[in-house]
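Just so it is clear, none of the values below were taken in a lab; they were calculated from the coordinates. Note that this is a predicted model, so its numbers are computed, not measured. With ideal geometry, Cβ positions are generated from the backbone for all residues, glycine too; neighbour counts draw on all protein chains shown.
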Amino acid sequence: MEEKGLLIILSGPSGVGKGTVRQELMKDPSLNLYYSVSMTTRKQRPGEVEGREYYFVDEDTFRQNVKSGNLLEYAKFVGNYYGTPRDKVEQKRKEGKNVLLEIEVSGTLQVLGKLRDDPGVVSIFLVPPSLQDLECRIRGRKTECEEMIAERLEKARGELCCGHYYQHQVINDDLHRTVEEIASIIKARL
């Protein structure tokens, strides 16, 4: 029987590089990672595959999952709900996969509250070298107006105070070094 896999939470403020770090971690077969697929009430877009990008559900189904306790975390964003289905995560962990969640700080706090007694949870807080660096990254995307940039930076200031909730804090100052450090943290728990 396979040993139960880890639940690895990669979190941090918007713009810190969670997605890029996750993509690099996923390339390492020795980590045996499975990227957790979220459930959403958002409409499926052309080219998206059920169970690959998201599990697409209606609002009633989403609410039933909330009520039954099947969501490890959830939030509403731009009029749609998003959440992490516990049953899917647990299924992959039982198969021996190490499940990687790339989620926001508020979602992490929900998961840590629900799984506080689970010894297989590894929480990693990705930190920018500085707030100025984070601002440069957000501006470099060229996807948001000034008002949105200001909102993201204000939110980031508050989130950076939450690092003490995590088992590990890793500064994302160099992609290769950051990925190596996180891979080492995961390998130490395997």
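What the table shows:
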item: Helix-only CD estimate at 222 nm, as mean residue ellipticity for the chain, using -39500 (n - 2.57) per DSSP H run (n ≥ 4); result: -12500 deg cm²/dmol
item: Cut-off 12 Å (backbone N to label point 7 Å along Cα→Cβ of Leu175), residues of the range 1-31; result: 17-25
item: Trypsin sites (Lys or Arg not before Pro) lying in DSSP loop within the range 52-118, provided at most 16 other Cβ fall within 10 Å; result: Arg52, Arg116
item: Size of the range 7-189 as Cα extents on the principal axes (Å, biggest first); result: 42, 41, 33
item: Normalised per residue, the volume of the convex hull around the Cα set of the range 132-190 (Å³); result: 100
item: Viscosity 1.306 mPa s, 10 °C: Kirkwood-radius Stokes-Einstein D of the range 27-70 over Cα pairs, µm²/s; result: 131
item: Long-range amide H partners of Gly96 with built H, under 5 Å; result: Gly5
item: The chain, relative contact order [Cα under 8 Å, separation at least 6], %; result: 34
item: Cut-off 20 Å, label 7 Å out along Cα→Cβ of Val78, residues of the range 147-187 by amide N; result: 147-156
item: Rg(Cα) / (2.2 N^0.38 Å) computed for the range 1-98, rounded to two decimals; result: 1.15
item: Signed unit charges on C-beta, dipole axis of the chain, positive-most listed residue Ile182, Val111, Gly69; result: Gly69
item: Check: the range 7-189 dipole with +1 on Lys, Arg Cβ and -1 on Asp, Glu Cβ, in debye; result: 400
